[in-house]
Amino acid sequence: MSLNHCARSLVAAAMASAVLVSSSNAAVTPAPLSSFGAGHVLVDFEGGFGPITSFGGLGLAAGANPVNHWGTYIDNVSPFTGAPISITLPFATNRFAVDASFNSDNSFANLTFLLGPTIVGTALLNGGPFSSSPNPFVFGGFESTAAFDRVIIGGPSNGYLRLDNVRYAIPTPGAAMALSLGGLMIARRRR
């Protein structure tokens with residue numbers, strides 16, 4: 001990881017944090033950067049350029065298109081449709097974090113947490129005051145009482161979105177069982 005990349009991540013963590021606005025079916029709450037250490041995977045998107053549909057075990061899409069990889073981050077600009085970015089995790093978890101950048105003046109990115117096709121919760125991430133185009137990265141960490149295996153992130157207004165440093169928890173065997181049961185209960189309740 002480059003020094004510039006590390007500095008950008010630290011500045012992003014200091015600048016903003018997740019802001020919970022709503023949740024559906026399960027409690028989704030903000031989680032600080034300090035809670036994403038041991039037992040978590042970090043995908044920093046270092047290396048490579050061009051359209052991609054996967055990286056570091058994550059499935060990636062911007063609507064029906066691949067995301068664009070710029071060597072240190074991904075975005076939804078090639079071709080630009082303003083489509084949300086979908087991140088499919090390799091397994092169900094209950095903790096997720098991302099550094100996000102979007103053109104904003106105190107507007108929000110929308111996050112939807114899903115287990116299969118079922119929405120388990122939603123949240124918003126505040127981009128802070130507009131300072132440049134695009135704005136600096138902001139950190140958003142989230143924890144859910146129900147398991148999820150996909151996160152869809154949509155940018156505000158024009159939909160432009162840049163993402164880096166995706167973090168997610170590796171469930172312990174006992175936690176994996178509890179998360180699976182919680183997911184089954186949500187799916188059953190929907191029927």
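The values are calculated or read from the model by the stated rules, or taken from the named source; none is laboratory data. Since we're looking at a predicted model, the values are computed, not measured. Note that each Cβ is placed from the backbone with ideal geometry, even for glycine, and that neighbours are counted across all protein chains shown.
Numbers at a glance
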| item | result |
| --- | --- |
| Any hit, segment 62-79, residues being crowded, with 24+ Cβ neighbours inside 10 Å and touching a Ser or Thr at 6+ places or on another chain (Cβ under 9 Å) | yes |
| Of all residues making up segment 64-76, the number that are assigned to a loop (DSSP other than H, G, I, E, B) and more than 26 Å from PRO30 (Cα to Cα) | 4 |
| Top-ranked residue of segment 77-126 - restricted to ones that are small (Gly, Ala, Ser) and in a strand (DSSP E or B), ranked as nearest to ALA61 (Cα to Cα) | SER86 |
| Hits in segment 136-159 (condition: of a type in the set (Gly, Ala, Ser) and under 13 Å from LEU89 (Cα atoms)) | ALA147 |
| Residue in segment 87-99 that is of a type outside the set (Asp, Glu) and modelled with pLDDT under 80 present | no |
| Residues satisfying the stated conditions in segment 54-79, i.e. of a type outside the set (A, V, I, L, M) and either in contact with an Asp or Glu (Cβ under 9 Å, 6 or more places away or on another chain) or more than 16 Å from ILE153 (Cβ to Cβ) (or both) | SER54, GLY56, GLY57, ASN68, HIS69, TRP70, GLY71, THR72, TYR73, SER78, PRO79 |
| Residue list for segment 32-56, filter: of a type in the set (D, E, K, R) and outside any loop (DSSP other than H, G, I, E, B) | none |
| When residues of segment 16-54 are limited to those that are of a type in the set (Val, Ile, Thr) and at pLDDT 90 or above, the one nearest to the chain's Cα centre (by Cα) | VAL43 |
| Segment 151-191, subset surrounded by fewer than 19 Cβ atoms within 10 Å (Cβ to Cβ) and basic (Lys, Arg), residue modelled with the lowest pLDDT | ARG190 |
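Matching residues to (1) of a type in the set (A, V, I, L, M); (2) in contact with a Pro (Cβ under 8 Å, 6 or more places away or on another chain):
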residue: ILE52; (1), (2): yes, yes
residue: GLY57; (1), (2): no, yes
residue: ALA64; (1), (2): yes, no
residue: TRP70; (1), (2): no, no
residue: PHE80; (1), (2): no, no
residue: PRO84; (1), (2): no, no
residue: PRO90; (1), (2): no, no
residue: VAL98; (1), (2): yes, no
